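Remarks on the structure that follows.
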Amino acid sequence: MRDKLRGAEARGYITRRALFIGLILVIATAYWLGIASELWYQAIFSFLHPYPHAIFILFLLILTSLLLKRVSDRLALSPIELLTIYIMVSMVPSISGHTMMAILMGTLTHPFWFATPENEWKSLFWRYIPSWFTVSDTKILRGYFYGESTFHTVEHIRAWAVPILVWSAFIFFLYLSYLCIASILRKQWAENEKLSYPLVQLPLAMATDRGFFRSNLLWVGFGISAFIRLLNGLHDLAPAVPQIPHGYWFRFAERPWNAMGSISVSFNLAVIGLTYFMPLDLAFSSWFFFWLSRMERVIASAMGVSVSSLYINARVSGGWIGIGLLALWVSRRHLISFLKHIFGLERMDDSREPFSYRTLTGMFWGSFAFLAMFCYLAGMSVWAILVFFALHYMLAIAIARVRAELGPPYHEVIGINPRGMMVDIFGPRRLRGNNLTVITFLYAFDRCHRSHCMPDQVESLKIGERTGMDNRRLFGAMALAIGVGAIATFWSYLQICYRYGTLAKMRGWIGHFGWESFNPLQRWLQYPTGTNVGAVVSMLIGLATIFFLYGMRARFLWWPLHPSGYVVSGAMWGGLCYFWFPVVVSWLIKLIILRYFGLKTHRRAIPFFFGLILGDFIPRSVLSIISLILNVYMPSAGAGHTL
């Protein structure tokens, strides 16, 4: 039996045991992230990459496996099993947590509960909302908003059954289409271009390096980071215990400096550790463009120009589209060969892919057909469906490319989404109420991109390649985790909301996201306008900026600014708004090490920075579980903006 298990591991076989444990943890994680994010606003678990909860679970599995190994070798989990489970639980934050589902649930429950004669929602867009989208009965929604109830009643389950099923299917097929694109691009990015995938280094080292936990430097970094996090956790429970500040927020009161908005100075040691694995030029570009965009606002304010007239988000939107176009352009030879292979004009080797390229193509178009039919039956025009998903997939490819190539630990970009771009390009008057209403319900899938699923899938395929996993089973494990995770997340959110009430005891933003979705829709329908020429021109400027930065890097080796740094940090909100300071610290440390001590010292220091990450992620997760058990607010677990 032992020899059989070893042989299966050598072939990269993913065991049923790993899939079973992974599914149990997917369900548990969906509930954990939901209640942590929306009851106590512990948003950190879907902010940073790799996800803190996934690293914590991997750490616990490794520890448990080592203990079981003393009893029997057969009980211990192999590296492939460990990483399979890690990948499965890494699929959940793109659905649960303070990300897509919080926004989707806030949108689904908002239009009927908050409609009033004053806002005229009933006459403006109720007729565009399909009956199978959401629950319109305010009696059913009372417990959802005010709590002291339960989802587990026949009346509630019957009312929510159809929305849960149709939206879970939408999530599954959308994420499956990402997975098909990721599989088609895998060979180009991983083998032809040999992108670095910085964010897979920690989980790979934890699961496969037998000497990982024996490094003294690792435990030094762990001790420093964990001491600060645990001390602050004790302060949360007993305020008499002193704390070390998480960071500070400040804002200038006087013009023109107040145009910068709120600035965070965070002392997050995990981000220092994660940034150490980013290329120096991206780390520099990230904080450089962050401050450049702030200074641009200050100069504009000093000149009497309003910040809104700068169209900052429109420029960054064009920049992200430029990143996506460049990703496709660099991959053009692979894609041309791929198309010739699909049409039988040329033969490509697809033996290392999860499925043949023709099968992946069929799966993608089948998934897209479902998504398109979903939107068409909901009332969208065919042309609007095609434009929406073209922009949506371009953003997905761009974010996945940035993560695979450069590995920024944080890439929230609020205000960069297909809905906003379509409104600017075509205008509400041309889009009309049916299209505007449906893309408002789809706003959840593009609101901030902080935990987009496609980058996680791309990195998971890289982990599979590095460990020799059976790619087909890995593909199936991810798809299974997404399907089960979607249903489990809906159940967990509804159970939590009916118990605590989104407007009663819950500290998260689920009760407020609906305003962010429907207030613009109300304005567009009441005051329809045409094309926003200034925004469109700004998009083109952003696109040209990306091409310029890319051309300069290709032409001059000394050019320090990376186009990805511009899109990651240049928006009005997001980017490095929380983490610019630790990125600067890490960039400076890495620069000094490489310049004065050399590459060998840089490599020797890696365990220390791994330790900084683990020393923050593991205590955070422990504190989060304690806060849920004791039902107390603990900012040190990552609540609010205490990151």
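The values are calculated or read from the model by the stated rules, or taken from the named source; none is laboratory data. Computed from a predicted structure; not experimentally measured. Virtual Cβ from ideal backbone geometry, glycine too; neighbours counted across all protein chains shown. Protein only, heavy atoms only, side chains kept; ligands, DNA and RNA dropped before computing areas. Shrake-Rupley method; radii C 1.70, N 1.55, O 1.52, S 1.80 Å.
Average accessible surface for the range 27-106: 23 Å² per residue, computed with a 1.4 Å probe over protein heavy atoms with every protein chain in place. Long hydrophobic helices in the chain: the complete DSSP H runs spanning 18 Å or more by Cα along their own axis with mean Kyte-Doolittle hydropathy of at least 0.5 are 16-39, 52-69, 154-186, 216-237, 280-302, 312-330, 357-378, 382-406, 471-500, 533-555, 580-596, 606-630.
A 1.4 Å probe, protein heavy atoms only, puts the accessible area of Met206 near 10 Å².
Take every Cα pair under 8 Å whose residues are at least 6 apart in sequence, average their separation, divide by the length of the range 68-205, and the relative contact order is 16 percent. Cα centroids of the range 147-183 and the range 411-441: 23 Å apart. Only lysines eight or more places from Lys194 in sequence, or on another chain, were considered; those with a Cα closer than 18 Å are Lys462. Placing R0 at 30 angstrom, the Cβ-Cβ distance between Asn258 and Ile224 gives a FRET efficiency of 0.25 after rounding to 0.05. Peptides 410-423, 130-143 ranked from most to least packed by the mean count of surrounding Cβ atoms within 10 Å: 410-423, 130-143.
Toward the positive end of the charge dipole of the range 149-264, with +1 on the Cβ of Lys and Arg and -1 on the Cβ of Asp and Glu, the farthest Cα among Leu231, Ala159, Ser149 is that of Leu231.
Computed from label points 7 Å out along Cα-Cβ, the spacing between Phe114 and Glu191 is 5.0 nm. Put simply, the amide H of Ala605, placed in the peptide plane, has no neighbours under 5 Å, leaving out anything fewer than 5 places away on its chain.
Secondary-structure-derived ellipticity at 222 nm for the chain, considering helices only, amounts to -21500 deg cm²/dmol, per-run term -39500 (n - 2.57) for DSSP H runs with n ≥ 4. Taking packing as the residue-averaged number of other Cβ atoms within 10 angstrom, the listed peptides 566-579, 359-372 run from highest to lowest as 566-579, 359-372. On the basis of the beta-carbon distance and an R0 of 25 Å, Val533 and Ser381 show a calculated FRET efficiency of 0.65.
For the range 123-181, just say rounded, prolate or oblate: build the C-alpha gyration tensor, square-root its eigenvalues into a ≥ b ≥ c, call rounded for a/c under 1.5, and beyond that prolate if a/b exceeds b/c, oblate if not. The shape class here is oblate. With a Förster radius of 60 Å applied to the beta-carbon distance between Met348 and Met295, the computed FRET efficiency rounds to 0.80. Once a ≥ b ≥ c are taken as the square roots of the eigenvalues of the Cα gyration tensor of the range 89-144, is the result rounded (a/c under 1.5), prolate (a/b larger than b/c) or oblate (a/b not larger than b/c)? Prolate.
Residues whose amide H comes within less than 5 Å of that of Gly97, counting only those at least five positions distant or on another chain, are Gly34 (H built at 1.01 Å from N in the peptide plane).
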